[in-house]
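Visitor: Here's a structure for you.
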Amino acid sequence: MADGTGIPLISFRGVKKAFGGKVVYDGLDLDVYRGETLSVLGPSGCGKSVMLKMLIGLLGYDEGTIHFDGRELKTLEQREMSLLRIRIAYLFQSAALFDSMSVGDNVAYGLRERFWDTMTEEAILARVSESLERVGLPGTEYMMPADLSGGMRKRAGLARTLALRPDVLLYDEPTTGLDPINTGRINELILSIQKELGITSVVVTHDMRTAFHVSNRLLLLGRGRVHLVGGSGEFRATQDPYVRAFVDGKVLEEGPSRSLAPR
């Protein structure tokens, strides 16, 4: 549920991940609830994007468990993992549009790849048009990515993920490099997508304004594990020095880690 109660849709328990001698996670515990928007915060290099990539199987994990809708990822066969990836859409930081394809073909790409045997071309084009309109880009099907501004490229990438009708949407730094106006547009889109479509969203961001604006809950990663998870009020009121420094944009002091249980 969006208020952070009920049965989690996604659960990380005791997850450990290292690259050589660099430990990224040393016992990650986290729940994400159906229909909520959870913003994931933390300093650069703390593993925010690694978390998303482990969830969709782009990266493995060394120990622990990750459950999605009651299934542990390591128990899934290749076909089952492919079906899971249909339910989880990933919006890359750069939008990752194919420069050689029109905007319409970019948005249609996943539909043609995944539903070639169940969707007609007419249905695909209708879904493309609907998705572009939802992100404020109606009539841009024949434009090329090079003709789009940075904010428009982000929205076109978002349209491509929405076209797949996912249950979960993973945003990797959705407002990075955008001016305040386009940042505001993306923030409002994240809110409207949750409200109108009920999609569960995990937003990796450095932008505290975005996190406070779009989230039901926020999570701060630090020193290999969850440092704090809670509502915006808890983050604004906390006197924890590590969290306080991050919220206020100050230098984070290193020291012993502290892990709070998921809510």
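The values are calculated or read from the model by the stated rules, or taken from the named source; none is laboratory data. Everything numeric in this text was worked out from a predicted model, so none of it was measured. Note that we place each Cβ from the backbone using ideal geometry, even for glycine, and neighbour counts take in every protein chain shown.
Visitor: Let me confirm something: among PHE98, PHE115, PHE68, which residue is of a type in the set (Phe, Trp, Tyr), surrounded by fewer than 20 Cβ atoms within 10 Å (Cβ to Cβ) and out of contact with any Phe, Trp or Tyr (no Cβ under 9 Å at 6 or more places or on another chain)? Spell out how you get there, then give the answer.
Guide: On the way: PHE98 fails: out of contact with any Phe, Trp or Tyr (no Cβ under 9 Å at 6 or more places or on another chain); PHE68 fails: surrounded by fewer than 20 Cβ atoms within 10 Å (Cβ to Cβ).
Exactly one residue qualifies, and that residue is PHE115.
Visitor: When you scan the stretch 14-118 for helices (runs of 4 or more DSSP H) that lie fully inside it, which ones turn up with 3 or more residues that are among the charged types (D, E, K, R) and free of Cβ contacts under 8 Å to residues at least 60 places away in the same chain?
Guide: On the way: elements: 48-55, 78-87, 103-114.
Result: 78-87, 103-114.
Visitor: Can I ask one more? What number goes with the only condition from (1) among the aliphatic types (A, V, I, L, M); (2) crowded, with 18+ Cβ neighbours inside 10 Å; (3) out of contact with any helix residue (DSSP H, G or I) (no Cβ under 9 Å at 6 or more places or on another chain) that LEU28 does not pass?
Guide: (3)
Visitor: With (1) farther than 26 Å from LEU84 by Cα; (2) touching an Asp or Glu at 6+ places or on another chain (Cβ under 9 Å) as the list, and PHE212 as the residue in question, which single condition is left unmet?
Guide: With (1) farther than 26 Å from LEU84 by Cα; (2) touching an Asp or Glu at 6+ places or on another chain (Cβ under 9 Å) applied to PHE212, the lone miss is (2).
Visitor: Name the residue that is nearest to the chain's Cα centre (by Cα), counting only residues in the stretch 125-149 that are part of a helix (DSSP H, G or I) and either of a type in the set (A, V, I, L, M, F, W, C) or exposed (fewer than 14 other Cβ atoms within 10 Å of the Cβ) (or both). Walk me through it before giving the result.
Guide: Of the residues in the stretch 125-149, the ones part of a helix (DSSP H, G or I) are 125-134, 145-147.
Among the residues that remain, those that are also either of a type in the set (A, V, I, L, M, F, W, C) or exposed (fewer than 14 other Cβ atoms within 10 Å of the Cβ) (or both) are: 125-126, 128, 132-133, 146-147.
Details: LEU125: 26, ALA126: 26, VAL128: 21, LEU132: 19, GLU133: 21, ALA146: 25, ASP147: 26 Å.
Per the criteria, the residue is LEU132.
Visitor: Are any of the residues in the stretch 46-59 over 17 Å from the mean Cα position of the chain (by Cα) and more than 29 Å from VAL243 (Cα to Cα)? Step through it out loud before you land on a result.
Guide: Taking the stretch 46-59 first, the residues over 17 Å from the mean Cα position of the chain (by Cα) are none.
Scanning the stretch 46-59 turns up no residue that is over 17 Å from the mean Cα position of the chain (by Cα) and more than 29 Å from VAL243 (Cα to Cα).
Visitor: Scanning for something modelled with pLDDT of 90 or more and of a type in the set (Ser, Thr, Tyr), does the stretch 54-62 turn up at least one residue?
Guide: yes
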